[in-house]
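**Q** This is the structure I want to talk about, given as structure tokens.
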Amino acid sequence: MGADARFFERLGPLSAGELAALCGAGLAGDAGLAVRDVNTPDQAGAGELFFLTKGAVAPQPAEGACAIVADEAAAAELNAGAVLIAADPRAAFGRACAALIRVKEHEGSAFLHADARIDPSVRLGPGVVVGQGAEIGADVLIGAGAVIGPGVVIGPRCRIGARAVVRCALLSESVEILSGAVIGEAGFGLAHDSQGLLSMPHMGRVVIEDEVVVGANSTLDRGMIRDTVLRRACKIDNLCHIAHNCEVGEGAVMAAYTGISGSVSIGAGAQFGGRVGVADHLTIGDGARLAADAAVMRDVPAGEIWAGSPAQPIKRFMREAAWLRREANRKRTDRKKDTP
């Protein structure tokens, strides 16, 4: 599919040779191959660019795809039309991406773009901005000063709070985005190469299913290439952060100050206490519960309750806490005995 044309505009095509020069990469294959879009390694089609980190399993892309890899050995395993060879494929992909695609911004000076499709029943507060190509369904309420970006789709009976920002997002029915929340901004994806530190372009979306609630001043980053997804009826408290490429399962609940790093998968019915932090690329199983202040550094199996920093099963955490209390009390008692 590549980057969603509702939210992103193509700047190319560029040839594989031009991209290699731009990225400072070597080139194997067809230097004239036209590249127009980006995609994930498992879905890349003709004319689409993807990257593989060192040691990643090489897919078999469609004929005419273009890849960025770390070394010649990896390049030899691919049947892609062209392969760029870079010391840091992630950074090279970021630089190429920025030359191929960019996120759409609001066109013109009118608050409500003429190309936006807004149902007559929609109630708009003062100062609402709606971008080109946006679609807003029946009985939607949008609070004062909210910004709805180009191409955004908002389904029936949704509620968007004052000064919320929604971009690069698809909202289903009866979704509530409370005041000040920011949906669909770029995430904190970084890469480093000889040219320095690079903020990675984010070409994915945020997809929010029915009856989801996102609290005030919370942030949901759009995916880097894949989507960030919130499944039906999950409830996110105020001041929470969900990073790029995450998937939050149906009916999951997060209390305030929860922070979820990138590419985390959260199962249905999972529960997060306040100030829980989860490291990237982890899996939180269905029905798992994380106590307040838990710092999660490992996968959490379905149905388990974890606590602590670093988080662990709660019975083990409680035993350790009890042992520490006993040791502390014993040492205090010993010091008193030794005092003349």
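The values are calculated or read from the model by the stated rules, or taken from the named source; none is laboratory data. No experiment lies behind these values; they were computed from the predicted model shown. Positions of Cβ are backbone-derived with ideal geometry, glycine not excepted, and every protein chain shown enters the neighbour counts. Each accessible area value is taken on the protein alone, full model and side chains, heavy atoms only, with ligands, DNA and RNA left out. Shrake-Rupley method; radii C 1.70, N 1.55, O 1.52, S 1.80 Å.
**Q** Quick one: among Gly251, Gly131, Gly303, which has the greatest mean-square fluctuation in a GNM of the chain with alpha-carbon springs under 10 angstrom?
**A** Evaluated over the chain, the most mobile residue of the options is Gly303.
**Q** Provide Rg over Rh for the chain; use the alpha carbon set for both Rg and the Kirkwood Rh (inverse mean inverse pair distance).
**A** For the chain, the value is 1.08.
**Q** Using the charge dipole of region 224-287 (Lys, Arg: +1 at Cβ; Asp, Glu: -1 at Cβ; taken about the Cα centre), state which of His241, Ile266, Thr283 has its Cα farthest towards the positive end.
**A** His241
**Q** Taking the Cβ of Asp227 as the centre, find all other residues whose Cβ is under 10 Å away and add up their charges (Lys, Arg: +1; Asp, Glu: -1).
**A** Neighbourhood net charge equals +1.
**Q** How much accessible surface does Trp306 have with a 1.4 Å probe, in Å² rounded to 10?
**A** My reading of the accessible area for Trp306 is about 10 Å².
**Q** Also, quick follow-up: Pick from Glu105, Glu211, Glu77: which is most flexible by mean-square fluctuation in a GNM of the chain where alpha carbon atoms under 10 Å apart are linked?
**A** Glu77
**Q** Using amide H atoms built in the peptide plane, which far-off residues or other-chain residues are under 5 Å from Ile68 H to H?
**A** Amide H neighbours of Ile68, under 5 Å, 5+ apart: Phe50, Phe51, Leu52, Leu84.
**Q** In nm, what is the difference between 0.36 nm times the number of residues separating Ala322 and Ser309 and their Cα-Cα distance?
**A** Here the answer is 3.1 nm.
**Q** A follow-up question, please. Rounded to a whole number, what % of the accessible area of the chain do carbon and sulfur atoms account for, probe 1.4 Å?
**A** The C+S portion of the solvent-accessible surface of the chain is 53 percent.
**Q** Once the piece of chain linking Ala144 and Arg123 is laid out straight, how much longer is it, given 0.36 nm per residue of separation minus the C-alpha distance between them?
**A** 6.5 nm
**Q** Moving on. At a threshold of 8 angstrom on Cα-Cα distance, excluding pairs fewer than six apart, so keeping six or more, what relative contact order does the chain reach in percent?
**A** Over the chain, the number comes to 8 percent.
**Q** Give me the angle, in degrees from 0 to 90, between the Cα long axis of helix 89-100 and the longest principal axis of the Cα atoms of the chain, rounded to the nearest 10.
**A** 50
**Q** Using a 7 Å offset from the Cα along the Cα-to-Cβ direction at both Arg232 and Ala302, what is the distance between the two label points in nm, to one decimal?
**A** Result for the modelled spin labels: 1.8 nm.
**Q** For Ser199, tell me the accessible area in Å² from a 1.4 Å probe, rounded to the nearest 10.
**A** 80
**Q** Now a separate question. Out of Gly249, Gly262, Gly108, any idea which swings most in a Gaussian network model of the chain, alpha carbons joined below 10 Å?
**A** Between Gly249, Gly262, Gly108, it is Gly108 that shows the largest mean-square fluctuation.
**Q** How large is the dipole of region 52-115 about the Cα centre if only Lys and Arg carry +1 and Asp and Glu carry -1, each at its Cβ, rounded to the nearest 20 debye?
**A** 160
**Q** Considering only protein heavy atoms, what per residue accessible area in square angstrom results for the chain with a 1.4 angstrom probe?
**A** 46
**Q** I need the phi-derived Karplus couplings for region 273-281: 6.51 cos²θ - 1.76 cosθ + 1.60, θ = phi - 60°, integer Hz, Gly and Pro marked x.
**A** Listing the rounded values in order: x, x, 6, 6, x, 10, 5, 6, 6 Hz.
**Q** May I ask what percent, to the nearest 5, of DSSP beta bridges between residues of the chain are antiparallel?
**A** Percent antiparallel among DSSP bridges in the chain is about 20.
**Q** On to the next question. Using only Cα atoms, tell me the angle between helix 314-338 and the longest principal axis of the chain; keep it within 0 to 90° and round to the nearest 10.
**A** Once rounded, one gets 40 degrees.
**Q** Using 0.36 nm per residue, how much length does the chain from Asp30 to Ser199 gain when fully extended, once their Cα-Cα distance is taken away?
**A** Stretched out fully, the Asp30 to Ser199 stretch lengthens by 58.0 nm.
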